[in-house]
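Some notes on the structure that comes next.
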Amino acid sequence: MFDQILQFLLTGITVGSTYALVGLGFAIIYNASDVVNFSQGEFVMIGAMSAVALSAGDTGLPLWAAALAAVLITTLVGMALQRFAIAPARGASVVTTIIITIGASIFLRGVALLVWGKDLFALPPFSGDDPIQIGNATVLPQSLWVMGGAAVLVFGAQYFFTHTTLGKAILACSCNKTAAHLVGINVGVMLLVAYGLSAALGAMAGILVAPITFASYDTGVMLGLKGFSAAILGGMGNPMGAVAGGLLLGLIESLSAGLISSGYKDAIGFIILLLVLFFRPSGLFGKASVERV
Amino acid sequence: MKRLSGFFLLAVAIVVLPFIFPDNYFVTVVGVSAGLHAILAVSLNLLMGYAGQISLGHAAFFGIGAYTSAILTTRYGWNPWPTILVGAAFTGVLAYIVARPILKLKGHYLAMATLGLGIIVHIFIVQLGWLTGGPDGLGGIPTLSLFGWEVDSDARWYVVIGALLLIVVWLALNIIDSRSGRALRALHGSEVAAEMMGINTAATKTGVFVLAALIASVAGSVFAHQQAFVSPDSFSFFFSIELVTMVVLGGMASTYGAVLGAIILTFLPELLVVFEDYEVMIFGGILMGTMIFLPQGLFVGLQELLRKLTRRRQRAAQAAQATEATKQKEDNHGVA
């Protein structure tokens, strides 16, 4: 029994790490522009699919170069989203921006469908696929890549926002755009950087898990939902909360799939999310909102 | 009379269309789905547009209505009519139970909670195979009949759903202009302010949530009898999003806007089929573009455009008159 649980925990943390990265991307964009970006999952898909496409075949790039190029492509897509879809709709209501990002996600999915078709693709594992024994549980080397990669990215993002001028400038914009502008921060550029960063994080998550979960033009939908759930669970606008929420969601899903029923694992995840919201309406680590009258 | 002029216009359009285009696929087949979508969009608009409470899980109530009718008629041999009532009662109770805790949430948290609710209901429909037929769905659902008049052709379904749409639109228009409709709009503006005015915001929000769920459930039952087949795909998260899109595209807080949005979003994929592989991309592009350039929705956007055009024409006419007048004056001076 204990071995089984250990196995579920390992799977849960692997899945949770991807959710955490997508959730972190959600939180960054939400903080910078108050937009819930429903095309966040598409960043993951574009990252994974372009890495596959660039590294495929005999003439393909080596994996590291393909991954780098894929992250760059996705970053540009994220910036384009900000520049051409979000920026022109400044001042639109929450629901309107939600529909814009949903439109963007359908558009990006349509483009992916045109370019890559409906097939499933996989990246080769980064370092072989011999399972590693931990106690009586096994773990794929790629899972370690996912966990390690996610940890590096999360701490990197944390460092970026607390210790670099650029990161602090973005934070300043999310606190108060006018004040940030007054102290000489170029708010428009900061928004572009935030969207690019969020897209890059999504792409890296996609490339890390592509060897395990495969990728197709529509993998982004479910991941986007899970990322949104992670961000909400942790408390909207709290990046580290989103990371914790993602890990928690991954663990809940893997444990309920293993111990209760795999068919209901998503339902159990959402039921727990709803229960959390009923008792803590601003998520686990979110600040309680105060309505100004 | 003026208040309901749009309603009469809609009624005339519904009655006249099948006579202008008899046996037309776009009127009796796509038109019927557009009508059902319009009913759902109008009900969702009561909640979203007027009360300001976003719901990304409206398809759940549509699905519960459809499956209640489907299960009771095919597995237990019920007459179709009472199943519509049972479905509505079941949906109403469920909506009432979840309304209070869910509607306490705000903004994105409310969006997430309703989204989760929709996905949970969808998963249960898929997983409870012994009852719902699972992913394969349920077939052989009998059609409706009214005093021996079998609703068994596209044209007859057009009549039934057209009538239902008019009833729902009329209901929505009257609610909005009633005391509780004003309460809804007040709490949309500010909940605290509405409470200061003596409005019980929790009860008002619960009421409109249950009402929207009831309408969706009835639409679901009718949908099940019309299609004679239901499968979980029709009630997924995507359909909820589509409904929200109809409301926002048409224009929030406008019943006619919701109808317009539903009609456009039902016809658009039919028209985009000719683009084959480009269909998805173009659909997303149109959605994005409309919301960027007309954030108030098509209905309000088009109205404003029209107003601007007429105003410009008026101004042009006035300007012409003015120049005419000065010219005459100059001419008079010349004479003097």
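Assessment of segment B:213-226 against the conditions (more than 12 Å from chain A (Cβ to nearest Cβ), farther than 20 Å from A:GLY103 by Cα and touching a strand residue (DSSP E or B) at 6+ places or on another chain (Cβ under 6 Å)) yields at least one matching residue.
Yes/no per residue for (1) surrounded by 20 or more Cβ atoms within 10 Å (Cβ to Cβ); (2) in contact with a Pro (Cβ under 7 Å, 6 or more places away or on another chain); (3) modelled with pLDDT of 95 or more; (4) within 14 Å of chain A (Cβ to nearest Cβ):
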site: B:ALA66; (1), (2), (3), (4): yes, no, yes, no
site: B:TYR76; (1), (2), (3), (4): no, no, no, no
site: B:ALA95; (1), (2), (3), (4): yes, no, yes, no
site: B:PRO101; (1), (2), (3), (4): no, no, no, yes
site: B:LEU115; (1), (2), (3), (4): yes, no, no, yes
site: B:GLY140; (1), (2), (3), (4): no, no, no, no
site: B:LEU146; (1), (2), (3), (4): no, no, no, no
site: B:GLU150; (1), (2), (3), (4): no, no, no, no
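Just one residue in the set B:PHE267, B:PHE275 is in the same structural domain as B:LEU56 (by TED's automatic domain parsing), modelled with pLDDT of 90 or more and surrounded by fewer than 20 Cβ atoms within 10 Å (Cβ to Cβ); that residue is B:PHE267. Being surrounded by 23 or more Cβ atoms within 10 Å (Cβ to Cβ) and more than 14 Å from chain B (Cβ to nearest Cβ) is a condition met by at least one residue of segment A:119-131. Tell me whether segment A:211-225 contains one or more residues that are within 14 Å of chain B (Cβ to nearest Cβ), closer than 30 Å to A:CYS175 by Cβ, touching a Phe, Trp or Tyr at 6+ places or on another chain (Cβ under 8 Å) and surrounded by fewer than 24 Cβ atoms within 10 Å (Cβ to Cβ). Scanning segment A:211-225, I find at least one residue that is within 14 Å of chain B (Cβ to nearest Cβ), closer than 30 Å to A:CYS175 by Cβ, touching a Phe, Trp or Tyr at 6+ places or on another chain (Cβ under 8 Å) and surrounded by fewer than 24 Cβ atoms within 10 Å (Cβ to Cβ), so the answer is yes.
The single residue among B:ALA163, B:ALA183, B:ALA172 that is part of a helix (DSSP H, G or I), closer than 26 Å to B:ILE64 by Cβ, out of contact with any Phe, Trp or Tyr (no Cβ under 7 Å at 6 or more places or on another chain) and without any contact (Cβ under 8 Å) to a residue 24 or more places away in the chain turns out to be B:ALA163. Across segment A:60-108, the number of residues qualifying as among the small types (Gly, Ala, Ser) and within 13 Å of chain B (Cβ to nearest Cβ) comes to 10. Of all residues in segment A:246-264, exactly one satisfies the criterion of being facing chain B (nearest Cβ under 10 Å) and at pLDDT 90 or above, namely A:TYR264.
The values are calculated or read from the model by the stated rules, or taken from the named source; none is laboratory data. Since the structure is predicted, the reported quantities are computational estimates derived from the model, not experimental observations. Heads up, the Cβs are rebuilt from the backbone with ideal geometry, glycines too, and the neighbour counts pull from every protein chain shown.
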